Amino acid sequence: MGMATQAYLVAYNAGCLAGWGFALFTALSVVAAGDGDAFSRLGGVWAASGQTVLYVQYAMALEIFHAAFGLVRSPLLTTALQVTSRLWVVLLPVAGAPCDVGAGWATGLMVLSWSTVEVIRYAFYLSALLLPKVPYPIFWARYTAFAILYPSGITGELGTAFAALECAAVAPYHSAIWCIVYMYIPGGPFMYMNMVGNRKGAFKKRFAKP
């Protein structure tokens, strides 16, 4: 990897880490300080973190180009699937603003799940770029936290989609939303099992005998 490429990737990953970290901090602050039950507090997350999530989520689209041009070793298909699966759903709270789609507990759960998994992921990438070896706590979190955060994130995404389907302001897009929702049936298990396979390979490589 050339020095210019590494410098760019360090800056990119550091920026994304900072953005997702801020989104996570504001989301947790709302949940911790809010009134009412857990569902009510989750409902306030988008109002606090939504703008930041929009920025950092669309910055993630650059990862498709990183994979396509060989800047990183991530598979292009998996990267494209992961990124594009979020780009549409993150717009639903915006398009569904007249119906307060973003004020639902599902959107709050989605934001918390995304921001947590992305803080871990970008911390892992940044460590891999700057350190001889990724610290074990970050390595462990990268290949373990998905077991909870992927299902919770998908639950939040689908909950947000179903909330949008009840919104008249989003009616012109209902058919497209349904098509994408159906794609979760094969796509969700594929993404999860892909991480299971990555976990096995990463642990085997990390603890391989010299």
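The values are calculated or read from the model by the stated rules, or taken from the named source; none is laboratory data. These numbers come from a predicted model, not from an experiment. Cβ: placed from backbone, ideal geometry, glycine included. Neighbour counts: every protein chain shown. For accessibility, only protein heavy atoms count, side chains too; no ligands or nucleic acids. Shrake-Rupley method; radii C 1.70, N 1.55, O 1.52, S 1.80 Å.
Miscellaneous remarks
- Maximal additional length on extending the LEU76-MET193 stretch stands at 40.4 nm, based on 0.36 nm per residue less the C-alpha distance.
- ³J(HN,Hα) computed for each position of region 25-41 - Karplus, 6.51 cos²θ - 1.76 cosθ + 1.60, integer Hz, glycine/proline x: 4, 5, 5, 5, 5, 5, 5, 6, 9, x, 9, x, 7, 4, 5, 5, 5
- The long axis of helix 45-59 is offset from the longest Cα principal axis of the chain by roughly 50 degrees.
- HN-Hα J in Hz across region 116-133 - Karplus 6.51, -1.76, 1.60, θ = phi - 60°, x for Gly and Pro: 5, 5, 6, 4, 5, 5, 6, 5, 5, 4, 5, 5, 5, 7, 9, 10, x, 8
- When the convex hull of its Cα atoms is projected in every direction, mean area for region 27-85 (nm²): 5.0
- Label zone (PHE39, point 7 Å along Cα-to-C-beta; backbone nitrogen cut-off 19 Å) within region 136-175: 152-167.
- The region of the chain that goes longest without hitting one of the trypsin sites (Lys or Arg not before Pro) in a DSSP loop, each with at most 13 other Cβ atoms within 10 Å, is 134-210.
- Surface composition of the chain: carbon plus sulfur atoms contribute 71% of the solvent-accessible area (1.4 Å probe, protein chains only, all chains present).
- Spread over its residues, the convex hull of the C-alpha atoms of region 48-172 is 113 Å³ per residue.
- Residue (of ILE185, ALA171, PHE203) at the positive-pole extreme of region 156-210, dipole from beta-carbon charges: PHE203
- Using C-alpha pairs under 8 Å with a sequence gap of at least 6, the mean separation divided by the residue count of region 54-210 gives a relative contact order of 24 percent.
- Overall form of region 10-112 per C-alpha gyration tensor (a/c, 1.5; a/b vs b/c): prolate
- The Cα trace of region 58-99 gives Rg and Dmax of 12.9, 42 Å, the first to one decimal, the second as a whole number.
- Region 67-94-region 1-24 distance, computed between alpha-carbon centres (Å): 16
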